[in-house]
1. One residue is enough: does the range 292-304 have a residue meeting the conditions out of contact with any strand residue (DSSP E or B) (no Cβ under 9 Å at 6 or more places or on another chain), open to solvent by 10 Å² or more (accessible area, probe 1.4 Å) and modelled with pLDDT of 95 or more?
2. Please work out if VAL59 is open to solvent by less than 20 Å² (accessible area, probe 1.4 Å) and at pLDDT 95 or above.
3. Can you tell me which residue is nearest to VAL59 (Cα to Cα) among those in the range 255-296 that are without any contact (Cβ under 8 Å) to a residue 60 or more places away in the chain and of a type in the set (Lys, Arg)?
4. Quick one: in the range 111-128, which of the residues that are open to solvent by less than 80 Å² (accessible area, probe 1.4 Å), in a loop (DSSP other than H, G, I, E, B) and in contact (Cβ under 8 Å) with a residue 12 or more places away in the chain is nearest to ALA69 (Cα to Cα)?
5. Please identify the pairs in which a residue from the range 143-163 that is touching a residue at least 24 places away in the same chain (Cβ under 8 Å) has its Cβ atom under 9 Å from the Cβ atom of a residue that is among the charged types (D, E, K, R) and surrounded by fewer than 14 Cβ atoms within 10 Å (Cβ to Cβ), counting only partners at least 6 apart or on another chain.
6. Taking the options GLU179, GLU190, GLU212, name whichever one is of a type in the set (Asp, Glu) and modelled with pLDDT under 95.
7. Looking only at the range 230-265, count every residue that is closer than 19 Å to GLY296 by Cα and surrounded by fewer than 18 Cβ atoms within 10 Å (Cβ to Cβ) and tell me the total.
8. Find the residue count for the range 266-283, including only residues that are outside any loop (DSSP other than H, G, I, E, B) and surrounded by fewer than 18 Cβ atoms within 10 Å (Cβ to Cβ).
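The values are calculated or read from the model by the stated rules, or taken from the named source; none is laboratory data. It should be emphasised that the depicted structure is a prediction, and the values quoted were computed from it without experimental measurement. Reconstructed Cβ throughout: ideal geometry from the backbone, glycine too, with neighbour counts over all protein chains shown. Please note that ligands, DNA and RNA were not included when accessible areas were found on the heavy atoms of the full protein model with its side chains. Shrake-Rupley method; radii C 1.70, N 1.55, O 1.52, S 1.80 Å.
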Amino acid sequence: MLTVSLILAGALAAQAPAKTPTADDYAGRWNVKITDAEDTFAGGGFQITKKGGVLSGGVVWRWGSYLPAKSVEVKDGALVIVREEKPGKKDTFEARLEGEALKGKVTYPDGKIHHFEGRRAPLLLSKKAPVWGAPVTLFDGKTLAGWKLRDPKKKNGWAVVNGDLAVVESKDNADLVSEQAFQDMKLHIEFNVDPKSNSGVYLRGRYEIQIEAQDPASVTAEQKCGALYSRIAPKINATKPAGEWQAYDIEIVGRQIGVTLNGKKIVQGILDGITGGAINPFEDEPGPLMLQGDHGKVRFRNIVVTPGS
């Protein structure tokens, strides 16, 4: 009799309607990826905050900056986010929880739709200091060995010029991605950016440290050289003039990041989420070093990663 009762109880539980998600279920950070993208710019992220019963948040999507959402709400158990990348041009994100997964679609101002799936971002808590391994030289000064194009269908505007890894043609150029992937790491990299150009160094393929040589008045603080793009501004300006060699020394452990530019500490903070242009949004996975190649001419040298474990 007990066995029959247990079977009946289990059957009734299976037939019970699933709990309708609430605002509390959506609060937090989410890593999401477009499932029907036409190119490699398919990463994104949501950050949802609930305060005083009111939802707010921000979005980073494909490329560009992390931006505050115009509105965030839960309707009939579905999360609805509206952002305006440009005034009057609304992107509407609609998503619903399916178990642990977040699944939904985004409708762009022109009516085009992309579908996406995601999961809650990991905490990436650092419980102990990393053990640093042997340094790994990623560029031999002679060839592009150890590197690949982000999108093999795009043009390769990269070449080795006088021992430097150089963007020789930036228009429609693909980003360059290391074949090796890393999680915790120290990075030393030297760069020389042309006037009116910019670039970026992506840690784990998803957090861009900006390289900028445009007029400082033309960009926001979070877009200046040394910034964690659109998220953390450099504390001081340690940038040399365009055309001079400069050096980054960067340490990333869990969500902790420190950036030193030309010997001066300019950023010490928390990675609150991915930046635009990430090749893979899922923060629990190791990722490559990625060099941005389509924003102007830039050269790199002495690229050395010290992995942590």
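1. No, the range 292-304 contains no residue that is out of contact with any strand residue (DSSP E or B) (no Cβ under 9 Å at 6 or more places or on another chain), open to solvent by 10 Å² or more (accessible area, probe 1.4 Å) and modelled with pLDDT of 95 or more.
2. Yes.
3. LYS265
4. Top of the filtered list is ALA121.
5. Final answer for the pair search is GLY146/ASP140; GLY146/GLU179; TRP147/GLU179; LYS148/GLU179; ASP151/ASP39; GLY157/LYS171; GLY157/ASP172; GLY163/LYS142.
6. GLU212
7. Residues flagged as closer than 19 Å to GLY296 by Cα and surrounded by fewer than 18 Cβ atoms within 10 Å (Cβ to Cβ) within the range 230-265 amount to 6.
8. Result for the range 266-283: 3.
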